[in-house]
């Protein structure tokens, strides 16, 4: 079965592709020849993920899933949340976003945070959602060079390394995205292996 992953983020595509393996034939936006941005006009992860998945489904008539992920920091009332990728501005990138978060947390003792991923699957026009979350804390400075986004300042509960210090395999065993993807894989396995 062909399934489109509606993302322009190669890191995400590789990470999820690694998890899905040969269960389905995973197609990238590049494979479709899609150029441009997919709209994200909502203020929740759930709505943005659904909007992206339906956008590609309607354009290509192929089953599709999209995700939206946010870092939710308790002391910042859940920010950056849905704005995680553009927290420091529309044209921002990871370094600027991290700098803004660390500045806002200067002198703050409560560093509790969580990553949350919502995957929206459009399966023959029907929307099914899957969620994954992992709790942790925000460091006072960056550690590690692997990963992407906020990985270098986030340590999951029960671990001593940031996501950016872990190998892809280590991160994939525990991450918020893995939890959501495992739920997606479970759904696809039941549907297409029966």
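Summary table
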{"quantity": "Single unsatisfied condition, residue 130 versus (1) more than 24 Å from residue 107 (Cα to Cα); (2) modelled with pLDDT of 95 or more; (3) surrounded by 14 or more Cβ atoms within 10 Å (Cβ to Cβ); (4) over 14 Å from the mean Cα position of the chain (by Cα)", "calculated": "(4)"}
{"quantity": "In segment 1-15, the residues that are surrounded by fewer than 19 Cβ atoms within 10 Å (Cβ to Cβ) and part of a strand (DSSP E or B)", "calculated": "2"}
{"quantity": "Residue count, segment 16-33 (criterion: free of Cβ contacts under 8 Å to residues at least 40 places away in the same chain and crowded, with 16+ Cβ neighbours inside 10 Å)", "calculated": "4"}
{"quantity": "Filter result (assigned to a strand (DSSP E or B) and crowded, with 17+ Cβ neighbours inside 10 Å) within segment 102-114", "calculated": "113, 114"}
{"quantity": "Residue among 99, 117 that is without any contact (Cβ under 8 Å) to a residue 12 or more places away in the chain and either under 17 Å from residue 175 (Cα atoms) or surrounded by fewer than 16 Cβ atoms within 10 Å (Cβ to Cβ) (or both)", "calculated": "99"}
{"quantity": "Total residues in segment 47-74, condition within 15 Å of residue 121 (Cβ to Cβ), in contact with a strand residue (DSSP E or B) (Cβ under 8 Å, 6 or more places away or on another chain) and surrounded by fewer than 17 Cβ atoms within 10 Å (Cβ to Cβ)", "calculated": "1"}
{"quantity": "Search result, residues across segment 145-194 that are at pLDDT below 95 and either assigned to a strand (DSSP E or B) or on the phi > 0 side of the Ramachandran plot (or both)", "calculated": "147, 149"}
{"quantity": "Residue that is nearest to the chain's Cα centre (by Cα), among those in segment 16-46 that are more than 24 Å from residue 93 (Cβ to Cβ) and assigned to a helix (DSSP H, G or I)", "calculated": "46"}
{"quantity": "Scan of segment 89-102 for residues that are out of contact with any strand residue (DSSP E or B) (no Cβ under 9 Å at 6 or more places or on another chain) and within 19 Å of residue 9 (Cα to Cα), ordered by number", "calculated": "89, 90, 91, 92, 93, 94, 95, 96, 98"}
{"quantity": "Selected residue (only one of 56, 38 is modelled with pLDDT of 95 or more and farther than 29 Å from residue 137 by Cα)", "calculated": "56"}
{"quantity": "Segment 75-89, subset touching a residue at least 24 places away in the same chain (Cβ under 8 Å) and part of a helix (DSSP H, G or I), residue surrounded by the most Cβ atoms within 10 Å (Cβ to Cβ)", "calculated": "84"}
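The values are calculated or read from the model by the stated rules, or taken from the named source; none is laboratory data. Quick caveat: nothing in here was measured; it's all calculated off a predicted structure. Glycine also receives a Cβ, built like all others from the backbone with ideal geometry; neighbour counts cover every protein chain displayed.
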